[in-house]
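Every number here is computed from the coordinates shown, using simple stated rules; none is lab data. Note that the structure is a prediction, hence the values are computed from the model and not measured. Ideal geometry is used to build each Cβ from the backbone, glycine not excepted, and the neighbour counts take in all protein chains shown.
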Amino acid sequence: MNNQFPVETAVCTEHQMLLAECQRALEIWNVHRAEFCQFRFIGREAGDELLRLQAKYARAYTVLQNHERNCSLCRLALRMEGRDSENSSDTLSGYEVCT
């Protein structure tokens, strides 16, 4: 029975909170963007809302990255997992493109 968890899960609860916040912001942004693409919303209000959600995600992602760089526990966990802080939040970077 091999129950391996990422080291940072066991070490830094603040990281987990920031990661969850970042993932929620990304999910909300993606859902709204998909709706706007699907229904072809056009107008200033729709664009403003997408920009607001994008900015919220960008802030959350930046806070998470800064925490990873500045938290000694997270830096230790990243080294133990063989990752560097520049690439530790890779899973949050994917999103759909509307055409």
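So the values come out like this:
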item	result
Packing-based order for 63-75, 38-50, using average beta carbon neighbours within 10 Å, highest first	63-75, 38-50
HN-Hα J in Hz across segment 55-72 - Karplus 6.51, -1.76, 1.60, θ = phi - 60°, x for Gly and Pro	5, 4, 5, 4, 5, 4, 5, 5, 4, 4, 4, 4, 4, 4, 6, 9, 8, 5
Length released on extending from GLU27 to GLU45, taking residue separation times 0.36 nm less the Cα-Cα span	4.5 nm
Cut-off 15 Å between beta-carbons: net charge of the residues surrounding GLU49, Lys and Arg +1, Asp and Glu -1	+2
Neighbourhood net charge (13 Å Cβ-Cβ; Lys/Arg +1, Asp/Glu -1) for ARG59	+2
